[in-house]
């Protein structure tokens, strides 16, 4: 993303100052600075938020991988028939959470 980090920081600082000192919002210079810096702040804020979302997604995937049981692969030996001589023995996938 293409943005000015300085503008994003300026906007963030002014925004927090205006929260603590509401009369600053009516200052023309503050309004102009905030209007000018807002697009850069939006881009920066979006980038930071999406990085956090990506981190959370990876954590969730890791948690799922820990709890996700893997299927069991079983290959039986050929029974001597012509088809199984050519293709090999019977193959089976068994779910570890299912007895049978």
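A short reminder: the numbers here are calculations on the coordinates, not readings from a lab. The model shown is predicted, which means the values in this text are computed figures rather than measured ones. Here the Cβ positions follow ideal geometry from the backbone for every residue, glycine too, while neighbour counts run over all protein chains shown.
Quick notes on this structure:
- Relative contact order for the chain, counting Cα pairs under 8 Å that sit 6 or more residues apart, in percent: 23 percent
- Extension gain, residue 75-residue 9: 0.36 nm per intervening residue step, less the Cα-Cα distance, totals 17.6 nm.
- Per residue, the Cα convex hull of the stretch 5-92 amounts to 154 Å³.
- Residue 53-residue 27 pseudo-label distance in nm [points 7 Å out on the Cα-to-Cβ vector]: 3.4 nm
- Modelled spin-label separation between residue 87 and residue 16, with each label point placed 7 Å from Cα along the Cα-to-Cβ direction: 6.8 nm.
- The chain - mean residue ellipticity at 222 nm from DSSP helices (-39,500 (n - 2.57) per run, n ≥ 4, rounded to 500): -21500 deg cm²/dmol
- GNM result for the chain, Cα springs below 10 Å: residue of 29, 17, 87 fluctuating most strongly: 87
- Most mobile listed residue (90, 72, 12) in the chain, GNM with C-alpha springs under 10 Å: 90
- Annotation for residue 60 and residue 45: the two label points, set 7 Å from Cα along the Cα-Cβ direction, are 2.3 nm apart.
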